[in-house]
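Quick notes on the structure that follows.
Any read-out appearing in this document is the output of simple, stated calculations on the displayed coordinates, not a laboratory observation. It should be emphasised that the depicted structure is a prediction, and the values quoted were computed from it without experimental measurement. Please note: Cβ atoms are built from the backbone with ideal geometry, for glycine as well, and neighbour counts cover all protein chains shown.
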Amino acid sequence: MDKGLRGYLEQLEREKPEDLLVVDRECPADYTLTSLVGLLEEQNRYPVVMQQKVAGYDLPMVANLFGDRSRVAAMLGTTPERFAHEWQQRIGGLKSPRTVQQAAVQEMVDTDAVRGLGGLPVSRHFRQDAGPYIASGIVVARDPDTGVHNLSFHRMQYKGQDRFGISLHSRGHLWDYYARAEKRGVALPIAVVIGCHPLIYLAAGSKMAMEQDEYALAGALMGTPVDLVRCVTRDVLVPAWGEIVLEGEILPEIREDEGPFGEYTGYATDRSTRNVVQITAVTRRREALYMDLIPGYSSEHLLLGRMAKEAEVVSRMKEKFPGIRAINFPRSGTHFHAYMSMKKVAEGQPRQALMLLLGLDMYLKWVVAVDDDIDVFNEEEVLWALATRMQPDTGQFVVPAVMCNLLDPSSRDGMSAKMATDATKPLDWSMVRCTRDPQADDLAREILGQI
Ligand SMILES: Cc1cc2nc3c(=O)[nH]c(=O)nc-3n(C[C@H](O)[C@H](O)[C@H](O)COP(=O)(O)O)c2cc1C
C-alpha cells in the first residue's frame, strides 16, 4: 500500500468519491486549477480537483486537498469538532522517522537541474503573479547546529534555469536557520517536497519547539514513523513516498526581487525577504503527481495553516484557562483575527486570556472573547455578541507597535497595533435570551415534515 499522496487519494476515492473531481479535458498548467477551485468555492463546493492532462507536460496536477474542514479532520480520523482534541492526543506520541535506502521519490534522479525542472508544471495562479510559482513545496532544512529537521511552506518563484526566489517572511525556524548559516558565510542546504502524504503537510504547517524534529510530529499524526531517504546531492532527509523533490540550497548574501504573488490576505504582494534558491537536482517518481496548493484567499491556503494553529493554541490556552471552550481563526480574518469562547469565573479574566492569546501568535491583530453560549465558528453569533454585550469605551484595549506578520498590508516596519475585545457579559448580567417554545418547535417540525 502506498504511504504517500496517491495512497491517500486512492482511499478518498474509495471512501468518499464525491470528494474527488477529475477533469479529463486537456487544459493549460497556468491558472486552470485556481479558476476551477475558485468557482467551486463560490458554489460552496470544496472537492479535491485533479487535472489529468496538462498541456505541454506529462504529469497530472492535483489541488485543494485542504479546502474542506471536514476532509482535513477526516485525515486524522475525526470530525471538525473533535479535531483539536485528536491533534493533542496524537502529538503526545512523537515517532522518530526511519531512514530507508530505496525510495519511490528517487525512481528518477536528474542532476541536470535545468532539465529536471523543465518537466514540472510549475505554474501561474493569479493574473498579478510575477511568474510561475511553486505554492505547495514543503521546504525541508536542518538546524545548522543541532541537525534537527524543520518543515515549512515558502512560496518559490521560478526565475528560469536552476533558480528560484523564495520568501521567509513568516520569520520562523527556517529564517533562523538561514540567518545562522549566512553568518558563517555558507549556503543553507534544503529540499523542496512537492506532494507527499497530507499529514506531513499538516505537520509542516504547525510550529514546534526549535529543538524538536517535525518529522517526528508527522509520525505522531500518521501513527507510524515516516520513511525518509537521504537526498542525492545534499545532506537532507525527505519523505521516501513523496512525489517530487527539488534539492538545493538558499544562497548566502544574495537578495533579488521576488513577487508579487497572490497571498492569503487576498492581495498580490512583493513584500518578501528576497532570498534566492539554487537547485542541484530533481528526483521524482516516474509518473509523478504534481501537487499544487491554491494560494491567495483560498479556503485551502488558509485552512492548512489554521487548523493546526487552532488546535495548538486551544491546548496552550486551556493549560492556564480551563474555562476556554473553543477558538476560531475565522477565514475573514486571514490569520489576523481570533474568536475565543470561555466560561469566565471572574471579571477581568477574559482580558488576561486575551493577552496570552495575542502573545502566542505573532499573526494575531484582533482577538475577541465571548461567553460559552456563543458558537465561535458561527461568525454571525460572534458579531451579535459584540453588538449586544460590549461597550467600545470599556470593552477593549490596544497595544501599539508589536511585531507582526509582514504581509499585513496595513502594517508598518514589520509592526502592528494589537487589539483585544472583551464581549463577555458581566457576571451579574440579568438579561435573558429569547428561546422558542420546545413543544411548538416539535409541532412546527411535524408540520414542516422534518420529523
Ligand atoms: C500554505 C502556506 C503557505 C505559506 N507560505 C509562506 C511563505 O511563502 N513564506 C513564509 O515565510 N511563510 C509561509 N508560511 C508560513 C510558514 O510556513 C509556517 O508558519 C510554518 O509553520 C513555519 O514553521 P517554522 O517556524 O517551524 O519554520 C506559509 C504557511 C502555509 C500554511
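Peptides 180-189, 355-364 ordered by packing proxy, namely the average of other Cβ atoms within 10 Å per residue, highest first: 355-364, 180-189. Looking at the square roots a ≥ b ≥ c of the eigenvalues of the Cα gyration tensor of the range 119-176, which shape do they give, rounded for a/c under 1.5, prolate if a/b is larger than b/c, or oblate? The shape class here is prolate. Using alpha carbons only, the radius of gyration of the range 321-422 set against its Kirkwood radius gives Rg/Rh = 0.95. Multiplying the residue separation of Asp442 and Glu211 by 0.36 nm and subtracting their alpha-carbon distance yields 77.5 nm.
Look at Trp429, Trp87, Trp175 and count the other Cβ atoms within 10 Å of each Cβ; fewest to most, that gives Trp429, Trp175, Trp87. Averaging over all projection directions, find the projected area of the Cα convex hull of the range 106-260 and quote it in nm² with one decimal place. Answer in nm², one decimal: 9.0.
Phi angles across the range 379-394 convert, under the Karplus curve 6.51 cos²θ - 1.76 cosθ + 1.60 with θ = phi - 60°, into 3J(HN,Hα) values of 4, 5, 5, 5, 5, 5, 5, 4, 5, 10, 10, 10, 10, x, 6, 10 Hz, Gly and Pro given as x. With a simple spin-label model that places each label point 7 Å from the Cα along the Cα-to-Cβ direction, the separation between Asp235 and Leu20 comes to 4.1 nm.
Taking 0.36 nm per residue of separation and subtracting the current Cα-Cα distance, fully stretching the chain between Gln450 and Arg316 would add 44.1 nm. Fully extending the segment from Gln11 to Arg171, taken as 0.36 nm per residue of separation minus the present Cα-Cα distance, adds 54.0 nm. Between Arg433 and Ala401, the FRET efficiency from the beta-carbon distance, with R0 = 41 Å, is close to 0.55.
In plain terms, if you count all Cα to Cα distances in the chain and split them into 20 Å steps from zero, the share in each step is 24, 55, 19, 2 percent.
Among the GluC sites (Glu not before Pro) within the range 291-386, those in coil by DSSP and having at most 12 neighbouring Cβ atoms inside 10 Å are Glu347. Candidate cross-link partners of Lys159 among the aspartates and glutamates, defined by an alpha-carbon separation under 12 Å and a same-chain spacing of 8 or more, comprise Glu256, Asp257, Glu258.
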